[in-house]
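The values are calculated or read from the model by the stated rules, or taken from the named source; none is laboratory data. Computed from a predicted model, the values in this text were never measured in an experiment. Backbone-built Cβ (ideal geometry, glycine too); neighbour counts: all protein chains shown.
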Amino acid sequence: MNLKKNTMRTTSLRKMAKNDITKYQKRALKRLDAEDLEMIKFLVKKIHKEKGKKRDENYYNEGCTALFQYYTTAILDPFNMHAISDELDDFWHAHVIDTVSYDLLCKDLGFFMHHDPLNPKDIKKEKDVKIVYEYTRRKVLPSIFGEKNLSKIFHPIKTKLVCLHDLEITNHALFSVEGFFPEHTKMQTIKAKYGHAARKLKIRQGLLKRKFI
């Protein structure tokens, strides 16, 4: 059995990325390229089976590539928030469920990609998530990979709004965390409301109110 062929992407993120990136960012993309995909695909298939969905193997391979393109936004644009499409969100959920793999990847990259789900009843946040998604899809992803390398299924221009990610920089990095894109004023405003620091504070305040702290 050719293990590499069965567990790793055949399309290199480093080769797809068109930016003049640093050696540290190249190493970080190499780390993404080395990630084992079999458990992610297995778990997504399980999620889809529970939902009554059936897709071919090309769909799952394409989805894994799209997921790691989404993770690349965290490497090249770590100081702004990003949002994922509804179609791709199951792949992210599947990877997060495999806690050891996800945690190790995040530690190696130097940050934890917090998964921030959207409550569709929160209209104000939904509007902000739309702004973040449009920033991710219209500006960042095409700048990194070019429009021709973006899946219309997993990176659509319009999507049902679902989740955000925000990074918590760690001290366990194998690579330096560096941004290719500047801090975006609107993204920073949204991050102040929904980033991991703001969410942790809100949770702590709730615990205090319930007299746990």
| remark: Condition set in contact with a helix residue (DSSP H, G or I) (Cβ under 8 Å, 6 or more places away or on another chain) and either assigned to a loop (DSSP other than H, G, I, E, B) or among the β-branched types (V, I, T) (or both), scope the stretch 11-21, selection modelled with the lowest pLDDT: answer is N19
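Can you name every residue in the stretch 131-144 that is crowded, with 19+ Cβ neighbours inside 10 Å and in contact (Cβ under 8 Å) with a residue 60 or more places away in the chain?
T136, V140, L141, I144
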| task | List the number of the failed condition for T72; all other conditions in (1) crowded, with 23+ Cβ neighbours inside 10 Å; (2) touching a strand residue (DSSP E or B) at 6+ places or on another chain (Cβ under 9 Å); (3) not small (G, A, S) hold. | result | (2)
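For the stretch 145-174, which positions are touching a strand residue (DSSP E or B) at 6+ places or on another chain (Cβ under 8 Å), crowded, with 17+ Cβ neighbours inside 10 Å and part of a loop (DSSP other than H, G, I, E, B)? If you could, list the steps in order and put the result at the bottom.
To start, the set of residues in the stretch 145-174 that are touching a strand residue (DSSP E or B) at 6+ places or on another chain (Cβ under 8 Å) comprises 161-170, 173.
Subsequent filtering for residues that are crowded, with 17+ Cβ neighbours inside 10 Å retains 161-167.
Hits for the stretch 145-174 are L161, V162.
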| request: Answer yes or no as to whether N80 is touching a helix residue (DSSP H, G or I) at 6+ places or on another chain (Cβ under 9 Å), polar (S, T, N, Q), closer than 23 Å to V132 by Cα and surrounded by fewer than 22 Cβ atoms within 10 Å (Cβ to Cβ). | output: no
| request: State which residue is farthest from M39 (Cα to Cα) when the search covers only the stretch 98-130 and only residues that are touching a helix residue (DSSP H, G or I) at 6+ places or on another chain (Cβ under 6 Å) and aliphatic (A, V, I, L, M). | output: L118
| query | Would you pick out the residues in the stretch 183-211 that are under 17 Å from Y133 (Cα atoms) and either assigned to a loop (DSSP other than H, G, I, E, B) or basic (K, R) (or both)? | reply | E183, H184, K186, K191, K193, G195
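Residues checked against (1) modelled with pLDDT under 95; (2) under 17 Å from F68 (Cβ atoms):
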{"residue": "K152", "(1), (2)": "no, no"}
{"residue": "P156", "(1), (2)": "no, no"}
{"residue": "L161", "(1), (2)": "no, no"}
{"residue": "F175", "(1), (2)": "yes, yes"}
{"residue": "F181", "(1), (2)": "yes, no"}
{"residue": "T189", "(1), (2)": "no, no"}
| query | Restricting the search to the stretch 87-108, which residues are in contact with a strand residue (DSSP E or B) (Cβ under 9 Å, 6 or more places away or on another chain) and of a type outside the set (V, I, T)? | reply | D89, W92, H93, Y102, D103, L105, C106
| query | If only one of E134, E178 is over 15 Å from the mean Cα position of the chain (by Cα) and either assigned to a loop (DSSP other than H, G, I, E, B) or not hydroxyl-bearing (S, T, Y) (or both), which one is it? | reply | E178
| Out of A74, A83, which single residue is under 14 Å from the mean Cα position of the chain (by Cα) and modelled with pLDDT under 95? | A74
| message | Could you check the stretch 112-130 and list, in sequence order, the residues that are surrounded by fewer than 16 Cβ atoms within 10 Å (Cβ to Cβ) and more than 16 Å from the chain's Cα centre (by Cα)? | response | N119, P120, K121, D122, I123, K124, E126, K127
| query | For the stretch 22-130, which helices (runs of 4 or more DSSP H) that fit wholly inside it have 1 or more residues that are of a type in the set (D, E, K, R), within 26 Å of K191 (Cβ to Cβ) and touching a residue at least 60 places away in the same chain (Cβ under 8 Å)? | reply | 23-33, 86-97, 99-109
| Do we have L109 as on the phi < 0 side of the Ramachandran plot, modelled with pLDDT under 95 and crowded, with 20+ Cβ neighbours inside 10 Å here? | yes
